[in-house]
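What follows is a short report on a single structure.
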Amino acid sequence: MKAHARLVAEWRDGRTVLRELRSVSPLTLVPRHASVGDPGECVVHMVNSASAPLGGDELRLSVRVGPRARLRLSGVAAILALPGPHAGGSVSTVDIEVGFGAVLEYLPEPTVVTARARHTAELIMSLSPDARLRTREVLVLGRVGEPPGRLRTTQRVVRCGVPLLHQTLKIGDPSLENSIAHLAGRRVLATELLVWGEDGAEPVSGDWWSLTPLAAGGSLIVSLAADAIGAERDLARARGHHPGWASTPFT
């Protein structure tokens, strides 16, 4: 299956409007009313309208957030990376541009890498100088009682052509799964990137989580947890130590 969904948000007459919203199964985008606390914000939910990604799928989501627009793009259920009837793995690409003075929260739900799955995920983001961004990735290594399949995930975030973050993670190497040193034996790895005003001067850490300012701007949170609920709790705890987020949270 090949699918390409697209979303374009613009600021118009004191609020964010959706100039373009194109869903293609299984990538279904469902808008809802702006939140009471921020009438200028637009919220769109990402819904998997079919089992995806399956082996052989090629999925792409393009997002454009225009100048001054405020968008929250969030998932509603966990994503299951599954083996499929076709040879080869699945591929998903998310391509995002955030304009001058715009704000984006891109918050997909956890991705569960099921046994025998082979999935490649790429997130590409381009930010204007004063854009604000919060994005997270939560990876669950297999369902209960099963080993994970294979996953390669890459995040590339640039601001005015300057790289803020470029990292690639590979999961599912059998030679590593039997080692307690591999992700400390935990099943959930969560990362969150905040490009949100002032960053801390020094890293901050707690049990199983850390908040690290990046060299070119922005801060990266990393959490290792036994389950997705624990990971979300760690991410929230770390966000509380970020100066920019603590002073002007979006939510």
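The values are calculated or read from the model by the stated rules, or taken from the named source; none is laboratory data. Since this is a predicted model, take the numbers as computed values, not measurements. FYI the Cβ positions are ideal-geometry reconstructions off the backbone, even for glycines, and counts take in every protein chain you see. Calculation scope for accessible area: heavy atoms of the full protein, side chains included, ligands and nucleic acids excluded. Shrake-Rupley method; radii C 1.70, N 1.55, O 1.52, S 1.80 Å.
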- Query: To the nearest 500 deg cm²/dmol, what mean residue ellipticity at 222 nm is calculated for the chain from DSSP H runs of n ≥ 4 alone, each contributing -39,500 (n - 2.57), summed and divided by the residues?
  - Reply: -2000 deg cm²/dmol
- Can you bin the range 54-127 into rounded, prolate or oblate? Criterion: square roots of the alpha carbon gyration tensor eigenvalues sorted a ≥ b ≥ c, rounded for a/c under 1.5, prolate for a/b above b/c, oblate for the rest. prolate
- I229 paired with E122, simple spin-label distance in nm, labels 7 Å along Cα-to-beta-carbon: 3.7
- Counting only DSSP beta bridges with both partners in the range 105-244, the antiparallel fraction in percent, to the nearest 5, comes to 70
- Item | Mean accessible surface per residue for the chain, computed with a 1.4 Å probe while every protein chain stays in place, in Å² | 47
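Rounded to the nearest 20 debye, what is the charge dipole size of the chain about its Cα centre when +1 sits on each Lys and Arg Cβ and -1 on each Asp and Glu Cβ?
For this selection, approximately 520 debye.
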- Rounded, prolate or oblate: which fits the range 153-217, taking a ≥ b ≥ c as square roots of the Cα gyration tensor eigenvalues, rounded meaning a/c under 1.5, else prolate when a/b beats b/c? oblate
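For the chain, what is the relative contact order in percent, using Cα pairs closer than 8 Å and at least 6 residues apart in sequence?
12
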- Task: With label points built 7 Å along Cα→Cβ from the Cα atoms of D130 and E58, find their separation and express it in nm.
- Result: 4.0
- Item | Surface/4 of the Cα convex hull for the chain, nm² | 13.3
- Of all DSSP beta bridges having both residues in the range 1-151, the percent classed as antiparallel (nearest 5) is 25
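Starting from the Cα-Cα distance between T93 and R152, subtract it from 0.36 nm times their residue separation and give me the gain in nm to one decimal.
Between T93 and R152, full extension yields an extra 20.1 nm.
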- Query: Using a basic spin-label model with each label point 7 Å from the Cα along Cα→Cβ, how many nm lie between S74 and F100?
  - Reply: 3.0
